[in-house]
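One structure is given here, and the rest of the page talks about it.
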Amino acid sequence: MGDTARRRVGIMGGTFDPIHIGHLILAESAYEQFQLDTVQFLPSGNPPHKTDRTDGASDGERLEMVALAIRGNPHFTLDAEEMRRTGLSYTSDTLVCLKRQHPDTDYYFIIGADSLLSFDTWRKPEIICQNCVLLAAVRDGLAPSAMEEKMRKLRERYGAEIHLLQTPNIDVSSTKLRAWRQEGRSLRYYVPDAVLDYIGQNGIYRGAIPIPADS
Ligand code: ATP
């Protein structure tokens, strides 16, 4: 079977607490720049590096926010598989599982520069690299040369296929948005209107005053 028959699927994994424009722009850029057939949003169930979360939304709320954010984009889909699993969620397990279920698919795992820098601390990085292409985007103003250097090391160490995603530095994080909510500041334009409404209506992030999108 020739390469043309293979599906090209992006994976946008994250806690999405809440989902914001950084995630959405990364996913759309990957779709466009790497000719992906679709980008699958994969909210993590219980990520090992975030077990101390106390100020966050529930799993159901995070899932709903992702669903609302990607509604209307025909090449974005939502995969709740990691959330259904009990215990900690590891990207390596998820990718092995996906490859087993869909051997005709090539996966492109989309990450920001902070994830790129901490990649060696992830569980079984070599298994991740065997099962996907990594697409990394700049974040926190990290110099492209620093990213290239890290990418070179990951290629050497794990045989990673890894590419730079062309995106502007998008200065937003879920942590910052949660803090802003608690301070009563507006999240408008940092999250889609439907997500903003949902956060307001459900009093998510410590019950600050609801801010309707149409106010
Ligand atoms: P938190 O602030 O709670 O840690 P976050 O904003 O980093 O959350 P996550 O859901 O943890 O969001 O991120 C999922 C993936 O998206 C990670 O690989 C992260 O690096 C990437 N990402 C998130 N926001 C940005 C951004 N503004 N620019 C580039 N990459 C981003």
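Bear in mind that the values in this text are calculations on the coordinates, not laboratory data. Every value quoted in this text rests on a predicted model; they were computed, and no experiment measured them. Positions of Cβ are generated from backbone atoms using ideal geometry, with glycine treated the same way; all protein chains shown enter the neighbour counts.
With respect to the chain, whose longest principal axis is taken over its alpha-carbon atoms, helix 21-33 is tilted by about 30°. The Kirkwood radius of the chain, taken over pairs of alpha-carbon atoms, gives through the Stokes-Einstein law at 20 °C and 1.002 mPa s a diffusion coefficient of 120 µm² s⁻¹. Taking other C-beta atoms within 10 angstrom as a stand-in for reagent exposure, 25, 128, 162 fall in the order 25, 162, 128, fewest first. In segment 78-196, Cα pairs under 8 Å separated by at least six residues give a relative contact order of 21 percent. Each Lys and Arg contributes +1 and each Asp and Glu -1, all at the Cβ; summed about the Cα centre of the chain, the dipole is approximately 360 debye. The Kirkwood hydrodynamic radius of segment 80-119, based on inverse pair distances between different Cα atoms, is 11.7 Å.
Give, as a single signed number, the net charge of other residues whose beta carbon lies under 14 Å from the beta carbon of residue 24, with Lys and Arg counted +1 and Asp and Glu -1. Don't skip to the end; give the middle numbers.
On the way: positive: 71; negative: 28, 32, 193.
Summing Lys/Arg as +1 and Asp/Glu as -1 gives -2.
Amide H contacts of residue 109 (H built 1.01 Å from N, in plane; Pro and chain starts excluded): 11, 133, 134, 135 sit under 5 Å, all sequence-distant by 5 or more or on other chains. Using C-alpha pairs below 8 Å separated by at least 6 residues, the relative contact order for segment 137-197 is 32 percent. Close lysine pairs were tallied over the chain: pairs 8 or more places apart or on different chains with Cα atoms under 21 Å apart number 5. Fewest-first ordering of 97, 129 by other beta carbons within 10 Å of each residue's beta carbon gives 97, 129. Dipole orientation for segment 7-202: of the candidates 130, 12, 42, 130 has the Cα lying most toward the positive pole (charges on Cβ; Lys, Arg +1; Asp, Glu -1).
How would you order 73-80, 189-196 from highest to lowest mean count of nearby Cβ atoms within 10 Å? Each step should come with its number before you reach the end.
On the way: 73-80: 14.8, 189-196: 19.6.
Top of the packing list down: 189-196, 73-80.
For the chain, the relative contact order is 24 percent, taking Cα pairs closer than 8 Å that sit 6 or more residues apart in sequence and dividing their mean separation by the residue count. Each of 83, 147 was scored by other Cβ atoms within 10 Å of its Cβ. Listed from fewest to most, they are 83, 147. Put simply, the amide H of residue 14, placed in the peptide plane, has neighbours under 5 Å in 42, 44, leaving out anything fewer than 5 places away on its chain.
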